[in-house]
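S.K.: Got a structure for you, questions after.
The values are calculated or read from the model by the stated rules, or taken from the named source; none is laboratory data. Given the structure is predicted, the values throughout are model-derived calculations rather than measurements. When we count neighbours, we look across all protein chains shown, and the Cβ atoms used for this are built from the backbone with ideal geometry, even at glycine. What goes into the accessible areas is simple: the full protein's heavy atoms, side chains included, and nothing from ligands, DNA or RNA. Shrake-Rupley method; radii C 1.70, N 1.55, O 1.52, S 1.80 Å.
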Amino acid sequence: MRHSVVIGKANVGKTLFCIYFAQYIGVREMTWLVERTDGRTEHVRTSPKSAAETLSGELPHKTRCLQSVCLDFERGKGVRQFLLTDTTGLTDGIHPEAELRRAMAQTLRAIVNADVVLHMVDAAAIGEVGPLRKPNRAGQERGWSELDDQIAELGEHKRGYLILANKMDLPGAKQGYRELSKRFTRHRVVPVSALHQNGFREVKQHVWRLA
């Protein structure tokens, strides 16, 4: 089974994307494989609507472990299964909370083992900050940061790497998408809105080719 991870900083929309993308693929009853940082695993069944209400939120780091859902992609006369994994938001530097440090280490291990890396960023925040070539300290925290640069460098070694410019429904996002496209000519940048399920067709095509 192929494995895709959605990674990025906290509050860029990773969890909401995973929920609504699974729904877009055709999942009506979600069975999450939850992998705790202490090694425990469990299966949690929920509807997409309930998952959006309970797993996603405005506060940072609501996701504190890996949580995956299995997707079915038609391929020829058969069906290929693909594991889509939501991850803990990463931060620059060392986080003071031990539980989150363990969760971030878990995320990094998942990146190494993944076939597809979907690198999600907040296009609206990037557009508000300005050109990526001259980020200031506050801009690095809100938009593109050194951490994102490191993920992009890792993407050079992943055939399935894709940058998702999320929050295209917000002001400034179009400018942020343009900045990303100018900066990363060697990577594909797909504009999406996890909230409104825009851009999902392009993401589905990308994942399907690797399924």
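S.K.: Among (1) free of Cβ contacts under 8 Å to residues at least 12 places away in the same chain; (2) touching a Cys at 6+ places or on another chain (Cβ under 6 Å); (3) not hydroxyl-bearing (Ser, Thr, Tyr), there is one condition residue 40 misses while meeting the rest; what is its number?
M.R.: It fails just one condition, (2).
S.K.: Please go through the stretch 98-108 and give me each residue that is surrounded by 11 or more Cβ atoms within 10 Å (Cβ to Cβ) and out of contact with any Lys or Arg (no Cβ under 6 Å at 6 or more places or on another chain), ordered by number.
M.R.: Those that are surrounded by 11 or more Cβ atoms within 10 Å (Cβ to Cβ) and out of contact with any Lys or Arg (no Cβ under 6 Å at 6 or more places or on another chain): 99, 100, 101, 102, 104, 105, 106, 107, 108.
S.K.: Report every pair of residues separated by at least 6 positions or lying on different chains whose Cβ atoms are under 6 Å apart, first residue within the stretch 85-101 and modelled with pLDDT under 95, second surrounded by 14 or more Cβ atoms within 10 Å (Cβ to Cβ) and among the hydroxyl-bearing types (Ser, Thr, Tyr).
M.R.: Going by the 6 Å Cβ cut-off, the qualifying pairs are 92/145.
S.K.: Can you name every one of the helices (runs of 4 or more DSSP H) wholly within the stretch 119-211 that holds 1 or more residues which are modelled with pLDDT of 90 or more, touching a Leu at 6+ places or on another chain (Cβ under 9 Å) and open to solvent by less than 80 Å² (accessible area, probe 1.4 Å)?
M.R.: In the stretch 119-211, the matching helices (runs of 4 or more DSSP H) lie at 123-129, 146-155, 173-183, 200-210.
S.K.: Out of the strands (runs of 3 or more DSSP E) lying entirely within the stretch 1-87, which hold 1 or more residues that are loosely packed, with under 15 Cβ neighbours inside 10 Å and of a type outside the set (Gly, Ala, Ser)?
M.R.: 30-35, 41-46, 66-75, 78-86
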